[in-house]
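The values are calculated or read from the model by the stated rules, or taken from the named source; none is laboratory data. All of these numbers come straight from a predicted model, not from anything done at the bench. Backbone-built Cβ (ideal geometry, glycine too); neighbour counts: all protein chains shown. Side chains are part of the model used for accessible areas, which takes the heavy atoms of the whole protein and leaves out ligands, DNA and RNA. Shrake-Rupley method; radii C 1.70, N 1.55, O 1.52, S 1.80 Å.
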Amino acid sequence: MTLDRIRIGFLPLVDAALPILAREQGFAAAHGLEIELVRDLSWATVRDRLLYGHTDAAHMIAPLAIATALGRGRPAVEIDVPFALGLNGNAITFSIPLATETLESGQLGDPWTVGERLRQVAKARVEAGRPLRFGVVHRYSSHNYMLRYWLAAVGIRPDLDVEIVTISPPFAADALAAGEVDGICVGEPWNSVAVDRGVGRIALVTAQIWRRGVEKVLAMRRETASASPDLVDRLIRALHDAAAHFVEPDAAEENARILAQPAYLAAPEETILRAITDRVRLSQGATPLHIPDFMFQFREAANFPWRSQAAWLYSQMTRWDGTPFSSEEAARAEGVFRPDLYRRALAGSGAILPGASSKLEGAIGDPLGAGSVQGRLVLGADRFFDDRAFDPDDAETYLASLP
């Protein structure tokens, strides 16, 4: 059988697992596809390859897909996101000197407690003319927004009390080691690489800030998605099969071995295995701590592209870009996420298909049944750490309420 080839750009991160496993474990071939993977080291390059037609799709940070469609920082290009590659999976890691001042030894930090200690350190550093500096992976990244959301909520003003700069994920541990930054917010395995090298300690995981935070997505140019609907459908089905396989406990060791290969993450297999089994080593040599939902794939329709999650990302984009909220822009941002394409591809399969395309984000404290057009959907806790909820139909009121 002749396979249709599709080129997908990616960064060496654990949450690039689904396209990698779809290729390596035969899920793509089962749907008549040959996935060619193109490895890069920066999100800007992943985006540019996609926009200039060097790739057909990309493993991409969700806010960057929205920013690209809105023309933030460059001419606008219509982007479709028909599939979420996972939720959570990031951490905030402090340098050893900063960790010594702010963290309890051997314990995962509490956002409020760590925040209060960090606020005191940040104030002293500003007064000394040496403000704290944190590294994130891109201006338009969930890492940037999660970090800023937490800092602002605990009384630390991003860009005033601390500096925030951009660092490519594979170089984040090097930046900590060189003393160029005091902390990083990146995806795995790069927090754990910093810990295992003895140059950082994990302070928080982003699942503590937003329990179901949207993370990486499959992004495509709209013209590509429109011109090849059958190919898009088959790719979504292959990725959905890979996600179901990814969460099987018996598959974890083999998946870690595949992801560790030089062509993919080029990182220690044991480090990757910890991440995909929700075990996090907080400091060098420490016993890994089990953190439920540290990475979140497949369960609770985790791969469904909720328009309300795109709306929350747009709210943070306007907040931190300092631009007025626009209902027209908000609608365009929500329109980047394509639940209709997800439903079309998986109709008639065993996949759970939510009936709604948006929901109140951060409002679920206990497991809650939700309407679906296929399968039985139960959503788990999705709280923000400050107990705020986001209503996509009232984003302006939400923004006005934020510190």
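Is it fair to say residue 310 is open to solvent by less than 60 Å² (accessible area, probe 1.4 Å) and more than 23 Å from residue 140 (Cβ to Cβ)? Before the answer, list the steps.
On the way: open to solvent by less than 60 Å² (accessible area, probe 1.4 Å): yes; more than 23 Å from residue 140 (Cβ to Cβ): no.
No: the conditions fail for residue 310.
Here's a check for you: in segment 228-281, which residue that is farther than 18 Å from residue 33 by Cβ and in contact with an Asp or Glu (Cβ under 6 Å, 6 or more places away or on another chain) is surrounded by the most Cβ atoms within 10 Å (Cβ to Cβ)?
Of everything passing the filter in segment 228-281, 275 is surrounded by the most Cβ atoms within 10 Å (Cβ to Cβ).
So in segment 58-73, with the set limited to residues that are over 17 Å from the mean Cα position of the chain (by Cα) and under 29 Å from residue 173 (Cβ atoms), which one is most open to solvent (accessible area, probe 1.4 Å)? Break it down into steps so the answer makes sense when it comes.
Applying the first criterion (over 17 Å from the mean Cα position of the chain (by Cα)) to segment 58-73 yields 69-73.
So of that shortlist, the ones also under 29 Å from residue 173 (Cβ atoms) come out as 72-73.
Numbers: 72: 34, 73: 86 Å².
Among those that are over 17 Å from the mean Cα position of the chain (by Cα) and under 29 Å from residue 173 (Cβ atoms), it is 73.
Examine segment 211-223 for a residue that is outside the structural domain of residue 116 (by TED's automatic domain parsing), in contact (Cβ under 8 Å) with a residue 24 or more places away in the chain, open to solvent by 30 Å² or more (accessible area, probe 1.4 Å) and in a helix (DSSP H, G or I), and state whether such a residue exists.
Scanning segment 211-223, I find at least one residue that is outside the structural domain of residue 116 (by TED's automatic domain parsing), in contact (Cβ under 8 Å) with a residue 24 or more places away in the chain, open to solvent by 30 Å² or more (accessible area, probe 1.4 Å) and in a helix (DSSP H, G or I), so the answer is yes.
Which of the residues that make up segment 313-337 are open to solvent by 50 Å² or more (accessible area, probe 1.4 Å) and not polar (S, T, N, Q)?
320, 322, 324, 325, 328, 331, 332
Identify the single condition in (1) modelled with pLDDT under 95; (2) open to solvent by 10 Å² or more (accessible area, probe 1.4 Å); (3) under 24 Å from residue 303 (Cα atoms) that residue 86 does not satisfy, given that it satisfies every other one.
(2) is the only condition that residue 86 fails.
What do you reckon, is residue 166 surrounded by fewer than 23 Cβ atoms within 10 Å (Cβ to Cβ) and under 20 Å from residue 283 (Cβ atoms)? Break it down stepwise before answering.
Values: surrounded by fewer than 23 Cβ atoms within 10 Å (Cβ to Cβ): yes; under 20 Å from residue 283 (Cβ atoms): no.
Here the answer is no, as residue 166 does not meet what is asked.
For segment 1-51, which positions are in a loop (DSSP other than H, G, I, E, B), of a type in the set (A, V, I, L, M) and open to solvent by 10 Å² or more (accessible area, probe 1.4 Å)?
1, 3, 41, listed by residue number.
I'd like to know if segment 280-291 contains one or more residues that are within 21 Å of the chain's Cα centre (by Cα), more than 19 Å from residue 194 (Cβ to Cβ) and of a type outside the set (S, T, N, Q).
yes
Conditions (1) of a type in the set (Asp, Glu); (2) surrounded by 13 or more Cβ atoms within 10 Å (Cβ to Cβ); (3) modelled with pLDDT of 95 or more, marked per residue:
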{"residue": "344", "(1), (2), (3)": "no, yes, yes"}
{"residue": "350", "(1), (2), (3)": "no, no, no"}
{"residue": "358", "(1), (2), (3)": "no, yes, yes"}
{"residue": "368", "(1), (2), (3)": "no, yes, no"}
{"residue": "390", "(1), (2), (3)": "no, yes, yes"}
{"residue": "398", "(1), (2), (3)": "no, yes, yes"}
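Quick check on my filter: what residues within segment 174-206 are farther than 18 Å from residue 102 by Cβ and buried (at least 24 other Cβ atoms within 10 Å of the Cβ)? Even if it seems obvious, please write down each step before you answer.
Of segment 174-206, the ones farther than 18 Å from residue 102 by Cβ are 174-175, 177-178, 180, 186-190, 192-193, 196-197.
Within segment 174-206, 186, 187, 188, 189, 190, 192 qualify.
Give segment 340-355 a look and list any residue that's in contact (Cβ under 8 Å) with a residue 40 or more places away in the chain and in a helix (DSSP H, G or I), or say none. Steps first, answer last, please.
If we filter segment 340-355 for residues that are in contact (Cβ under 8 Å) with a residue 40 or more places away in the chain, which is where we start, we get 341-342, 344-346, 349, 351-354.
Listed by number, the residues that qualify are 341, 342, 344, 345, 346.
Among the listed residues 134, 171, identify the single one that is in a strand (DSSP E or B) and either open to solvent by less than 60 Å² (accessible area, probe 1.4 Å) or over 22 Å from residue 289 (Cα atoms) (or both).
Details: 171 fails: in a strand (DSSP E or B).
So the residue among 134, 171 that is in a strand (DSSP E or B) and either open to solvent by less than 60 Å² (accessible area, probe 1.4 Å) or over 22 Å from residue 289 (Cα atoms) (or both) is 134.
Would you call residue 284 crowded, with 20+ Cβ neighbours inside 10 Å, out of contact with any Leu (no Cβ under 8 Å at 6 or more places or on another chain) and not in a strand (DSSP E or B)? Step through it out loud before you land on a result.
Values: crowded, with 20+ Cβ neighbours inside 10 Å: no; out of contact with any Leu (no Cβ under 8 Å at 6 or more places or on another chain): yes; not in a strand (DSSP E or B): yes.
For residue 284, the condition - crowded, with 20+ Cβ neighbours inside 10 Å, out of contact with any Leu (no Cβ under 8 Å at 6 or more places or on another chain) and not in a strand (DSSP E or B) - is not met.
Considering each residue of segment 137-153, count those that are assigned to a helix (DSSP H, G or I), surrounded by 22 or more Cβ atoms within 10 Å (Cβ to Cβ) and of a type outside the set (S, T, N, Q), and give that number. Break it down stepwise before answering.
Kept after step one, since they are assigned to a helix (DSSP H, G or I), are these residues of segment 137-153: 142-153.
Then keep just the ones that are surrounded by 22 or more Cβ atoms within 10 Å (Cβ to Cβ); that gives 142-151.
After this cut, where a residue has to be of a type outside the set (S, T, N, Q) as well, the list is 143, 145-151.
Going through segment 137-153 one residue at a time, the tally reaches 8.
Identify, please: which residue in segment 64-79 is at pLDDT 95 or above and out of contact with any strand residue (DSSP E or B) (no Cβ under 9 Å at 6 or more places or on another chain) and is, among those, nearest to residue 243 (Cα to Cα)? Walk me through how you get there before you give the answer.
The initial filter retains those residues of segment 64-79 that are at pLDDT 95 or above, namely 64-72, 75-79.
From the residues that got through so far, the ones that are out of contact with any strand residue (DSSP E or B) (no Cβ under 9 Å at 6 or more places or on another chain) too are 67, 70-72, 75-76.
Details: 67: 26, 70: 29, 71: 31, 72: 31, 75: 33, 76: 31 Å.
Among those residues, the one meeting the criterion is 67.
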